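Q: This is the structure I have questions about; it appears just below.
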Amino acid sequence: MAPLVELRAYFLLIQPVRLVLALLGLAAARALGVSPASSIWLFGLGAVLFGLGMLTTRRRRAFFERAGNAQEIDRSRAVESRARTLARSAFPSTLAVSALTVIALPINASLAALLAGILAGMAVVGAIFGYELIQWEKSRGVRLFALPGQGRELFGRRLEGRPEPPLRASP
């Protein structure tokens, strides 16, 4: 049976990487001739558009509805390493946007600044979601996990010494 992915690690470990990649993309666009005002404006535009697009969707609410029905698991279930979780969370979104930014740099450095802003937006939105996830977990005394890949089923593990959170029992 495949080890589970800890969702807290999945959503939070990648955020500093995204932010550093975004800042490197912005610096590279500046180095290739995009003016300071244009580069900051495009960077901000990419971040804001991505942020608005993601923060106004129903996906976050649907996730927490599913989390409330997480299947309870015991402590013996294996959990994926942090390094593997970080690599998993970079694919495909962070790697794809980073690659597009690198490709755009020599062709259209202004587009690269916009793409770098999208990476920054991904970092901010991911951090916001990570914070919401931590608050949700703390309020229920659980940690959430998922199967690797695109599995929609969520699993919860009680934290030691916490009262019974509302998780459904495993079959």
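The values are calculated or read from the model by the stated rules, or taken from the named source; none is laboratory data. Since the structure is predicted, the reported quantities are computational estimates derived from the model, not experimental observations. Cβ placement follows ideal geometry from the backbone for every residue including glycine, while neighbour counts extend to all protein chains displayed.
Q: Looking only at the range 1-18, which residues are of a type in the set (K, R) and surrounded by 20 or more Cβ atoms within 10 Å (Cβ to Cβ)?
A: Within the range 1-18, R18 is the sole residue that qualifies.
Q: Contact list please: Cβ distance under 8 Å, first residue in the range 76-97 and in a helix (DSSP H, G or I), second residue surrounded by 14 or more Cβ atoms within 10 Å (Cβ to Cβ) and not aliphatic (A, V, I, L, M), pairs at least six apart or on different chains.
A: Partner pairs satisfying both residue conditions: T85/E6; T85/Y10; R88/Y10; R88/E80; R88/P148; S89/Y10; S89/F11; T94/R18.
Q: Can I ask one more? If only one of I118, I134 is assigned to a helix (DSSP H, G or I), at pLDDT 95 or above, touching a Lys or Arg at 6+ places or on another chain (Cβ under 7 Å) and not acidic (D, E), which one is it?
A: I134
Q: Looking at S38, S81, S89, S93, which one is more than 23 Å from the chain's Cα centre (by Cα) and among the hydroxyl-bearing types (S, T, Y)?
A: Of the residues listed, the single one that is more than 23 Å from the chain's Cα centre (by Cα) and among the hydroxyl-bearing types (S, T, Y) is S38.
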